[in-house]
Amino acid sequence: MYLRLVAVGLMTLLLSGCWGNRNIDQIVYIHSIGIDYDHRQFVLYVQLINFSGLAKAEYGGGRQTEAVAIGRSAGETPEIAAHELYTSIQQMVSWGHVKSIVFTKRALKKEVVRGVIDLLTRYHEIRHTIWVYATDAPLSDLLKATPLLHASSYLSMLTNPEEIFKQSSFIRPLRFNRLIAISDERSATLRIPYMTLDPASWTEDTKKKKMLSLSGVCFLHDYELQQCTDREKLLGVRWTERDVIRTPIYVKEGRQTVASLVVRHPKAKWSVLSTKDGPAFQLTIQAQGSLIELRRPLSREQLAKLTAQTVKQEIQQAYEWGVNRNIDVLNVSDQLYRSNVHKWRQWEQNGIIPLKTNTIRNISVHLSIGSSGKEKLDYRAGG
């Protein structure tokens, strides 16, 4: 009898812990956040998604048209703007599933970014590992864009950048905690993935479909936007980026593309040189490539030489683009800070050392061709 009473008591205690729980359809889940700044007001956008459709797809159910709801509010501070949402959202809100935050270019100001950081780091539900982007597109349109084939927005590029980066690496995806860490370093320049809307490349059900596109980079120093630009001007950045997994390169001879390769895990090594007229550097790139396409006969040695020249040209082009705009595109200043902080203090101006066209004295590229696919590389070259 005593054991029965104990069992009943334990069951009562366990069941009582579930009474305050709510079903998944009784809570509104915020998936992505957009931050704009207009007329000294924080403008907050939130994207809401329905997890029930995602659950059906995962368990073999058919996909249904995914509904996306966008909320907008404004206020003097980020918290005031966020609280304004509660007046009309009509259900309990969960911020624990936020996966990404997108800043407009005009919101990338020191007081705005720091205000948002202050709120998000204090609020317990939001993780510090959410993804960070910049954009010049209207946030309402950007957050409405859904993946192809009626897939859930949970699987969009906003929340799954690592999958794209593994297949085609350009700018390393940026998490919120890295944004804070890099921005707090006076010697470092932050690279934020720049997202746009591609209106023309895809069609779904005979209609043109706007798709999210990672089209470039925005550079910030000390929490202030310097400039955003498209990826074609900055292809050389990827050779000094950390954790690059797989990136394509189109080898040119003159202006003509003669081959296409995939380069895996390139490694960059910086060396600080001793000179009388200021800091100088040598950059060495080690990489291995696989041949994907060969448009005219080339030997392995010829192809490796042309590929190394292309990599070197891309790095020089990206660096000189930054020099002309006083942007430390390759984070040269941070290399000096890490290797010789005393020299960095001697030369730095607001954290950045003076950038000249000859600051990088030598770029050395060592690239080997490890694979040529199913056909031998030298077969068509006569080797």
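Could you grab me the full set of residues in segment 269-300 that are open to solvent by 80 Å² or more (accessible area, probe 1.4 Å) and in contact with a helix residue (DSSP H, G or I) (Cβ under 9 Å, 6 or more places away or on another chain)? Within segment 269-300, none qualify. In segment 230-242, the residues that are closer than 20 Å to Arg178 by Cα form Cβ pairs under 9 Å with partners that are open to solvent by 10 Å² or more (accessible area, probe 1.4 Å) and among the polar types (S, T, N, Q), at six or more places apart or across chains, as follows: Thr240/Asn331. For segment 240-251, the criterion of being at positive phi, at pLDDT 90 or above and open to solvent by 40 Å² or more (accessible area, probe 1.4 Å) is met by at least one residue. If the condition is being part of a helix (DSSP H, G or I), surrounded by fewer than 20 Cβ atoms within 10 Å (Cβ to Cβ) and either of a type outside the set (D, E, K, R) or modelled with pLDDT under 95 (or both), then segment 70-105 contributes Glu79, Ile80, His83, Glu84, Leu85, Tyr86, Thr87, Ser88, Ile89. Taking into account only those residues within segment 204-230 that are farther than 26 Å from Ser333 by Cα and acidic (Asp, Glu), which is surrounded by the most Cβ atoms within 10 Å (Cβ to Cβ)? Restricting to residues being farther than 26 Å from Ser333 by Cα and acidic (Asp, Glu), the top hit is Glu204.
For segment 351-358, the criterion of being modelled with pLDDT of 90 or more, within 25 Å of Ile192 (Cα to Cα), surrounded by 15 or more Cβ atoms within 10 Å (Cβ to Cβ) and among the hydroxyl-bearing types (Ser, Thr, Tyr) is met by no residue. Confirm whether Leu148 is more than 27 Å from Lys267 (Cα to Cα) and in a loop (DSSP other than H, G, I, E, B). It is true that Leu148 is more than 27 Å from Lys267 (Cα to Cα) and in a loop (DSSP other than H, G, I, E, B). Residues of segment 172-203 that are assigned to a loop (DSSP other than H, G, I, E, B) and either open to solvent by 40 Å² or more (accessible area, probe 1.4 Å) or under 18 Å from Leu235 (Cβ atoms) (or both): Arg172, Pro173, Asp184, Glu185, Arg186, Thr189.
The values are calculated or read from the model by the stated rules, or taken from the named source; none is laboratory data. It should be emphasised that the depicted structure is a prediction, and the values quoted were computed from it without experimental measurement. Neighbour counts are summed over all protein chains in view; Cβ atoms, including those assigned to glycine, are modelled from backbone coordinates with ideal geometry. In case anyone asks, the SASA skips ligands and DNA or RNA and just uses the protein heavy atoms, side chains included. Shrake-Rupley method; radii C 1.70, N 1.55, O 1.52, S 1.80 Å.
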